[in-house]
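The values are calculated or read from the model by the stated rules, or taken from the named source; none is laboratory data. Small disclaimer: the values here were computed from a predicted structure and weren't measured. All Cβ positions, glycine included, derive from the backbone under ideal geometry; neighbour counts span all protein chains shown.
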């Protein structure tokens, strides 16, 4: 893989061979960030002081031959909806502009153990609700491939920093595609693990039954290394599972192309990438067959009831009482009403209202209750599909990155950009997006692979072999050369 | 028109666990505010709930104790409403799958047994505490102080069917429920500390009618006394309204302790739509047979079982219920003492009357180590067998409370043994009759009050060392043959 | 069906004050989404069981052990207003 930043394994070898020091890497990444940030606005905050201090501790460890492992000294960016002790966690919302977290998310604690350093916190759509980072209260992030285009979202900042080389890897969160869609738009790898394999403790919840933390990286192997270090049962998260990872039965895999994601509504560009990869897979002896999951077409509707319903309660805690923004008022109720009016942006309000309605007396069965039941049906459809197939393939997004303002008029247009990614969240499946080519206007295109629950490692293996076959070696405009 | 009231009770029981319901913060009893908080119970962004196993054991015990069936596949729901002392602005509670359903509690009102049907027993979390600052009047507060130490403390809500018919019955029900949680060892059960908090739903309807009247919820009753008064007041208020052909509004009222009335609480429009939905942070909860068995095995005692044990000693229902609801040591002392005396009524009377009375007067809260059932039984037997007078028994008890003595040797050493020697009594009686001829002449029949006077004179002359019963017997024989 | 959608009731339930011009835009957007999700009505869901966890995990309970909490200082540090160790809000009784 010829990217501007070497892979994590390669960097680790450079550290071990004393050809590069972690602090030198950190300085370089920080310089990249300083160079690109004024245009991209991908980081909301950079942790220079603590970052350089930590990377010097890594220097020491490598010098003494006491390295903590592959992530020791690796600069990682953190989406700003994940709590890091002592730093602001804003969720790109006015509501939390002054909120300093008094605790570490479980994944942050785990990463700290690995000796990795944090570059800072990255921009997102407010409370992870959006597909373009245009919903950030602190201004949008630009796409490193072309700043006229959106980087995708909601983890737009986390995708852009990896793409631009201002972090080696990043953490994002994915509720309906928020890791995979921006990774696709920015030409990097985005991995959403099986629901429950990575702790959600400390991730500011959008929709609890759908949210999952995962890595955005330059390579599939990088994603594997990060995943390896953040996965595992967490007693602080009741939805967390004790995964028993599965392997496919045969070396020769049977892969299904989801028919419903290869039709009208998905651009030819995007479909072509799937066809290209299909050819390569067949050439290497795998069987690729079209299959139908008819309820996939209902996924968007199910998602836009379940996610708002859960978020309407999850975001109730932002009320100006114990932390965050508070608007002055003469009574508590008025204070909460005003604080939430001023603190939340339009998209967040829209989803809270939608979810409140879907849960309200007289409408519950019609909306939320029904959505849950259709979700169950979608889950069983996937279970049946995985009786026949080892993995499923589709485009990651219906089209490559769009321009700013292009989809802000009609909410449905924006929502449709998560068409291909939402099903994996509804069914809790692991799914990965890997860049495979460029569109006519030189924006990256990707394919998505989905596996059955807990097939995470074998899914990564397949993704890696595709990565090797397509050897996507294009670089975005906004990078500062090789290290 | 004959109107009858119908009451349903909703009671919140604070469980006595080491840690809170959904986080590992210590449950504390302190005036120091906001010292036992974590991201979860403070509702900070990103924090998640994990339920306390002990609390689930406790609610299963309570459900079993209240004869409920256990919902084996249940779940937690979010109950959504905005209030500053509710950190997440939703309370984790249970909705359509409560842990316990369809139970009943046996209660005692005076000397009769009744049954209160329990509709549901469900698990939830407590809120923080609000302190309203201002001129002292509740409606002119200038600001509200919040302490979240209580936030997240495990609460069980026990809901009865609308089946209670009087304030007395409601009180008896709360007494029984309180005793149940204490005997199960799952709550401190102190009303004054808010370990038990109750609301009453009250309506009145025409006698014989199948339909209930409009329901009014009464809150803010902090003691059994205020519960009784509030219910009585509310029944009267509603009855009068119906009789005056006024319509009752479905609302929440609170009991005003100073004015001794129920007052309407202004409620926010639409606030009753709680939008319950299954909490996505908490997977479905399975309570399997093994878990139920473990919980069942922890049940050592219930008030119903204790009452049966007491009834078996021969005690009346109301006396049994009195001991059942009293302090544990008294219940145990009674049982071991009555085994030796074989006389339930005198044992009950002596322990609940004399012993408790003296202890109260002497401000002794615990029995001295030496004062065991053997000594008490020997003392009770002394006066029951007329060997000492009741006055002497009281004196011996007083001594026993401060010193390790043997009642029987103490009585004989101190010349307290009463004579049942009929010759001695006869001599005393004869001399009193001789001294009081004027009175004897006025006596008309054996029921004459003056007989008592003469018995008293005999007792006095004997320095209370003879048995008053025997004296009376001899005296009457002498006088009326 | 969207005729039932009363944005004032919903914003009241959600405790979000809305300006008039905001209401118009939100009402329009929400109607678009509600119309789209109407498609779900055609799916037969009669016998469907609901499980809130996508992988049908069963809840695990925590042992009743207490661990140290946030320091009082950390618990209060984001508070907009404090007094004598309490969080302070405008009066919560109307």
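A few notes on this one:
- Inside segment A:407-430, residues that are touching a residue at least 60 places away in the same chain (Cβ under 8 Å) and assigned to a loop (DSSP other than H, G, I, E, B) make up a count of 10.
- Near pairs, Cβ below 6 angstrom, 6+ apart or cross-chain, from segment C:73-94 (more than 7 Å from every other protein chain (Cβ to nearest Cβ)) to any residue that is crowded, with 19+ Cβ neighbours inside 10 Å: C:82/C:76
- Subset of segment A:440-483 [assigned to a loop (DSSP other than H, G, I, E, B), closer than 25 Å to residue A:39 by Cα and modelled with pLDDT of 95 or more]: A:443
- Evaluation of residue B:429 against (1) in a helix (DSSP H, G or I); (2) more than 30 Å from residue B:326 (Cβ to Cβ); (3) out of contact with any helix residue (DSSP H, G or I) (no Cβ under 7 Å at 6 or more places or on another chain) (one fails), failing number: (3)
- Scanning segment A:255-275 for residues that are assigned to a loop (DSSP other than H, G, I, E, B) and either modelled with pLDDT under 95 or within 14 Å of chain B (Cβ to nearest Cβ) (or both) returns A:263, A:264, A:265, A:266, A:267.
- Meets criteria (modelled with pLDDT under 90 and within 30 Å of residue A:359 (Cβ to Cβ)) for residue B:265: yes
- Meets criteria (assigned to a helix (DSSP H, G or I), facing chain C (nearest Cβ under 9 Å), free of Cβ contacts under 8 Å to residues at least 60 places away in the same chain and over 30 Å from residue B:133 (Cβ atoms)) for residue A:349: yes
- The set of residues in segment C:66-94 that are surrounded by 19 or more Cβ atoms within 10 Å (Cβ to Cβ), in a strand (DSSP E or B) and under 24 Å from the mean Cα position of the chain (by Cα) comprises C:87, C:89.
- Subset of segment B:375-404 that is touching a residue at least 12 places away in the same chain (Cβ under 8 Å) and not in a helix (DSSP H, G or I) - its residue that is farthest from residue B:350 (Cα to Cα): B:404
- Residue satisfying condition, being facing chain C (nearest Cβ under 10 Å), within 27 Å of the chain's Cα centre (by Cα) and surrounded by 21 or more Cβ atoms within 10 Å (Cβ to Cβ), within set A:354, A:359, A:295: A:354
Conditions tested, residue by residue: (1) crowded, with 18+ Cβ neighbours inside 10 Å; (2) touching a strand residue (DSSP E or B) at 6+ places or on another chain (Cβ under 6 Å); (3) within 7 Å of chain A (Cβ to nearest Cβ).
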{"residue": "C:12", "(1), (2), (3)": "yes, no, no"}
{"residue": "C:29", "(1), (2), (3)": "yes, no, yes"}
{"residue": "C:42", "(1), (2), (3)": "no, no, no"}
{"residue": "C:57", "(1), (2), (3)": "yes, no, yes"}
{"residue": "C:61", "(1), (2), (3)": "no, no, no"}
{"residue": "C:64", "(1), (2), (3)": "yes, yes, no"}
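- Checking each residue in segment A:280-332 for being under 28 Å from residue C:33 (Cβ atoms), free of Cβ contacts under 8 Å to residues at least 40 places away in the same chain and outside any loop (DSSP other than H, G, I, E, B) picks out A:297, A:316, A:317.
- Of note, residue A:411 satisfies the criterion of being within 12 Å of residue A:131 (Cβ to Cβ), within 10 Å of chain C (Cβ to nearest Cβ) and either within 17 Å of the chain's Cα centre (by Cα) or surrounded by fewer than 24 Cβ atoms within 10 Å (Cβ to Cβ) (or both).
- Restricting attention to segment B:157-189, the residues being closer than 17 Å to residue B:8 by Cβ and not in a helix (DSSP H, G or I) number 10.
- Residue B:74 in the same structural domain as residue B:118 (by TED's automatic domain parsing) and modelled with pLDDT of 95 or more: no
- Flag if residue C:59 is outside any helix (DSSP H, G or I) and either touching a helix residue (DSSP H, G or I) at 6+ places or on another chain (Cβ under 6 Å) or at pLDDT 95 or above (or both): yes
- Filter result for the condition that a residue is under 30 Å from residue A:276 (Cβ atoms), touching a strand residue (DSSP E or B) at 6+ places or on another chain (Cβ under 9 Å) and either away from chain C (no Cβ under 14 Å) or assigned to a helix (DSSP H, G or I) (or both), over A:378, A:393: A:393
- Those strands (runs of 3 or more DSSP E) lying entirely in segment B:57-153 with at least 1 residues away from chain A (no Cβ under 14 Å) and surrounded by fewer than 17 Cβ atoms within 10 Å (Cβ to Cβ): B:100-109, B:112-125
- Residue match in segment B:262-275 (condition: surrounded by 13 or more Cβ atoms within 10 Å (Cβ to Cβ), touching a residue at least 12 places away in the same chain (Cβ under 8 Å) and away from every other protein chain (no Cβ under 14 Å)): yes
- The selection criterion, being part of a strand (DSSP E or B), assigned by TED's automatic domain parsing to the domain that holds residue B:126 and within 18 Å of residue B:118 (Cβ to Cβ), holds for residue B:201.
- Filtering segment A:236-254 for residues that are surrounded by 23 or more Cβ atoms within 10 Å (Cβ to Cβ), in contact with a helix residue (DSSP H, G or I) (Cβ under 9 Å, 6 or more places away or on another chain) and part of a helix (DSSP H, G or I) leaves an empty set.
- Selection status of residue A:208, farther than 18 Å from residue A:396 by Cα, touching a helix residue (DSSP H, G or I) at 6+ places or on another chain (Cβ under 7 Å) and either part of a loop (DSSP other than H, G, I, E, B) or within 14 Å of chain B (Cβ to nearest Cβ) (or both): yes
- The numbered conditions (1) closer than 27 Å to residue A:41 by Cα; (2) surrounded by fewer than 21 Cβ atoms within 10 Å (Cβ to Cβ); (3) at pLDDT 95 or above are all true for residue A:421 except (2).
- Residue A:222 being closer than 18 Å to residue A:446 by Cβ, at pLDDT 95 or above and more than 14 Å from the chain's Cα centre (by Cα): yes
A quick yes/no check of all residues on (1) part of a helix (DSSP H, G or I); (2) facing chain C (nearest Cβ under 8 Å); (3) free of Cβ contacts under 8 Å to residues at least 24 places away in the same chain:
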| position | (1), (2), (3) |
| --- | --- |
| B:9 | no, no, no |
| B:16 | no, no, no |
| B:24 | no, yes, yes |
| B:30 | no, no, no |
| B:50 | no, yes, no |
| B:55 | yes, yes, no |
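- Failed criterion for residue B:151 (all others in (1) in contact (Cβ under 8 Å) with a residue 24 or more places away in the chain; (2) in contact with a strand residue (DSSP E or B) (Cβ under 9 Å, 6 or more places away or on another chain); (3) closer than 22 Å to residue B:227 by Cβ hold): (3)
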